[in-house]
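The values are calculated or read from the model by the stated rules, or taken from the named source; none is laboratory data. As the structure is a prediction and not an experimental result, all values here were calculated from the model. Virtual Cβ from ideal backbone geometry, glycine too; neighbours counted across all protein chains shown.
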Amino acid sequence: MYDDNNVFAKILKDAIPCKKVYEDDFALSFYDAFPKAQTHVLVIPKGPYISYCHFLENAQEEDILGFYKALKKTVDILNLKGSGFRLISNSGINGSQEVPHFHVHILGGEKLKPMI
Ligand code: AMP
């Protein structure tokens with residue numbers, strides 16, 4: 001079950017602030033509060049989805065496409081295409097997912113260390 005009180009749900013409801021990068025009808029992008037790279041931004045869908053699989057299995061195709069277009073738009077705004085970047089989506093217990101609202105991390109702005 002989706003937890004309406006998770007921190008990203010609160011950000012979507014404007015109950016807590018975020019440093020916004022991009023927003024449209026499908027997604028919100030904002031800076032990670034505890035950055036793990038020079039540039040560390042999170043992209044979240046507007047709907048109540050827990051993880052990558054939950055999103056792909058339950059969202060409308062329009063919402064899935066809209067989310068991934070918003071992710072690309074965020075990469076463009078951050079000007080990361082030329083220098084490169086990393087996308088990560090942690091999922092569930094073995095993925096060490098902390099916040100149970102589907103999100104994709106965009107990491108860049110420097111040469112990243114090995115993934116694990
Ligand atoms: P994950 O481990 O993939 O669930 O990542 C959750 C991310 O959310 C972590 O990188 C946290 O630093 C980040 N985070 C937690 N609370 C906030 C917040 N209020 N604003 C922005 N980022 C947050």
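Key figures
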| quantity | calculated |
| --- | --- |
| Scan of the stretch 20-51 for residues that are near the ligand (Cβ under 8 Å from one of its atoms), assigned to a loop (DSSP other than H, G, I, E, B) and either modelled with pLDDT under 95 or not aromatic (Phe, Trp, Tyr) (or both), ordered by number | Asp32, Ala33, Pro35, Lys36 |
| Scan of the stretch 84-116 for residues that are more than 7 Å from the ligand (Cβ to nearest atom) and of a type in the set (D, E, K, R), ordered by number | Arg86, Glu110, Lys111, Lys113 |
| Qualifying residue in the stretch 27-44 (condition: of a type in the set (Asp, Glu), in contact with a strand residue (DSSP E or B) (Cβ under 6 Å, 6 or more places away or on another chain) and closer than 20 Å to Ile11 by Cα) | yes |
| Residues located in the stretch 60-80, provided they are crowded, with 18+ Cβ neighbours inside 10 Å and not in a helix (DSSP H, G or I) | Leu80 |
| Phe55 of a type in the set (A, V, I, L, M, F, W, C) and within 10 Å of the ligand (Cβ to nearest atom) | no |
| Count of residues meeting criterion [among the aliphatic types (A, V, I, L, M) and over 25 Å from Leu112 (Cα atoms)] in the stretch 41-92 | 5 |
| Pair list, Cβ under 7 Å, 6 or more apart: the stretch 69-85 residue of a type in the set (S, T, N, Q), other residue not in a loop (DSSP other than H, G, I, E, B) | Thr74/Val21; Thr74/Tyr22; Thr74/Ser29; Thr74/Val41; Thr74/Val43; Thr74/Ile106; Ser83/Gly108 |
